Amino acid sequence: DQQVKQNSPSLSVQEGRISILNCDYTNSMFDYFLWYKKYPAEGPTFLISISSIKDKNEDGRFTVFLNKSAKHLSLHIVPSQPGDSAVYFCAASAPGGSQGNLIFGKGTKLSVKP
Amino acid sequence: DSGVTQTPKHLITATGQRVTLRCSPRSGDLSVYWYQQSLDQGLQFLIQYYNGEERAKGNILERFSAQQFPDLHSELNLSSLELGDSALYFCASSVGRAGNSPLHFGNGTRLTVT
């Protein structure tokens with residue numbers, strides 16, 4: 001049972017436009033959500049996170065929105081740049097026990113066209 | 001550069017064999033995590049160690065084992081290898097618990113079982 005779902009395997013956006021990557025989750029106990037970016041032949045790198053007590057977190061061109069009632073979060077990248085082309089993973093963390101680790105979605109491959 | 005070092009980068013071996021993957025965490029990080037990424041799959045959590053002790057276990061097969069040594073480096077041992085074990089294996093480290101201290105990933109070890 002997938003607790004973190006990224007339903008779009010891929011997304012193509014024009015340079016300068018907004019990229020919106022979506023993520024849904026099922027476990028209401030998740031208290032932290034993170035986005036990671038992965039280039040080919042490299043490990044994932046941390047991008048931005050949000051606590052479940054917030055609904056928005058912004059860092060430069062990247063903004064993450066959290067809708068707890070819908071169990072949905074999204075990553076907005078604006079303006080999109082060709083260097084943003086990568087696979088983006090949504091991840092969630094629950095406090096304690098065997099959930100003391102990150103649960104990852106399958107990723108969305110973003111292509112930003114010049 | 002995440003500061004997490006994984007060796008080897010590539011490993012090709014035959015079914016039934018045993019291999020050891022090695023990870024050196026970022027300086028100062030006490031937690032080490034192992035993740036498996038198979039084709040078209042997200043990152044699957046295998047196991048976490050914190051300061052030498054097993055902290056959390058995920059979908060790790062009984063044929064797999066891991067340990068964290070006093071110098072905090074970690075090894076993942078995979079035995080009786082099967083074709084389906086072919087995957088990218090990532091090590092990550094963090095200062096504390098996964099949620100509020102982002103994971104820093106190595107570049108992975110690509111294991112091919114023939």
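The values are calculated or read from the model by the stated rules, or taken from the named source; none is laboratory data. All of these numbers come straight from a predicted model, not from anything done at the bench. All Cβ positions, even for glycine, are placed from backbone atoms using ideal geometry, and neighbour counts span all protein chains on display. With ligands, DNA and RNA removed, areas are computed over all heavy atoms of the protein, side chains included. Shrake-Rupley method; radii C 1.70, N 1.55, O 1.52, S 1.80 Å.
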Taking region B:74-89 and the residues there that are open to solvent by less than 40 Å² (accessible area, probe 1.4 Å) and in contact (Cβ under 8 Å) with a residue 60 or more places away in the chain, the one that is farthest from B:VAL113 (Cα to Cα) would be B:TYR89
For region A:26-48 the number of residues that are more than 30 Å from B:THR109 (Cα to Cα) and either aliphatic (A, V, I, L, M) or under 12 Å from the mean Cα position of the chain (by Cα) (or both) is 1
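Considering region A:26-43 alone, what residues qualify as being open to solvent by 20 Å² or more (accessible area, probe 1.4 Å) and touching a residue at least 60 places away in the same chain (Cβ under 8 Å)? Full working, then the answer.
Keep residues of region A:26-43 that are open to solvent by 20 Å² or more (accessible area, probe 1.4 Å), which gives A:26-29, A:31-32, A:37-42.
Across region A:26-43, the qualifying residues are A:ASN27, A:MET29, A:ASP31, A:TYR32, A:LYS38.
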Filtering region A:49-67 down to residues that are outside any strand (DSSP E or B) and surrounded by 15 or more Cβ atoms within 10 Å (Cβ to Cβ) yields A:SER52
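Of everything in region A:49-80, what is facing another protein chain (nearest Cβ under 10 Å) and either closer than 25 Å to B:VAL4 by Cβ or within 10 Å of the chain's Cα centre (by Cα) (or both)? Give them in sequence order. Can you show your working first?
To start, the set of residues in region A:49-80 that are facing another protein chain (nearest Cβ under 10 Å) comprises A:49, A:51-52.
Result: A:SER49, A:SER51.
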Note on region B:1-43: residues outside any strand (DSSP E or B), in contact (Cβ under 8 Å) with a residue 40 or more places away in the chain, open to solvent by less than 30 Å² (accessible area, probe 1.4 Å) and over 17 Å from B:THR109 (Cβ atoms) are B:ASP29
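Kindly establish whether A:PHE46 is in contact with a Phe, Trp or Tyr (Cβ under 8 Å, 6 or more places away or on another chain), open to solvent by 20 Å² or more (accessible area, probe 1.4 Å) and either away from every other protein chain (no Cβ under 12 Å) or in contact (Cβ under 8 Å) with a residue 60 or more places away in the chain (or both). If you could, list the steps in order and put the result at the bottom.
On the way: in contact with a Phe, Trp or Tyr (Cβ under 8 Å, 6 or more places away or on another chain): yes; open to solvent by 20 Å² or more (accessible area, probe 1.4 Å): yes; either away from every other protein chain (no Cβ under 12 Å) or in contact (Cβ under 8 Å) with a residue 60 or more places away in the chain (or both): no.
Criteria not met by A:PHE46.
Please verify whether region B:106-113 includes one or more residues that are exposed (fewer than 15 other Cβ atoms within 10 Å of the Cβ) and either of a type in the set (S, T, N, Q) or touching a residue at least 60 places away in the same chain (Cβ under 8 Å) (or both). Steps first, answer last, please.
First, the residues of region B:106-113 that are exposed (fewer than 15 other Cβ atoms within 10 Å of the Cβ): B:112.
Now narrow it down to the ones that are either of a type in the set (S, T, N, Q) or touching a residue at least 60 places away in the same chain (Cβ under 8 Å) (or both): B:112.
Within region B:106-113, one or more residues are exposed (fewer than 15 other Cβ atoms within 10 Å of the Cβ) and either of a type in the set (S, T, N, Q) or touching a residue at least 60 places away in the same chain (Cβ under 8 Å) (or both).
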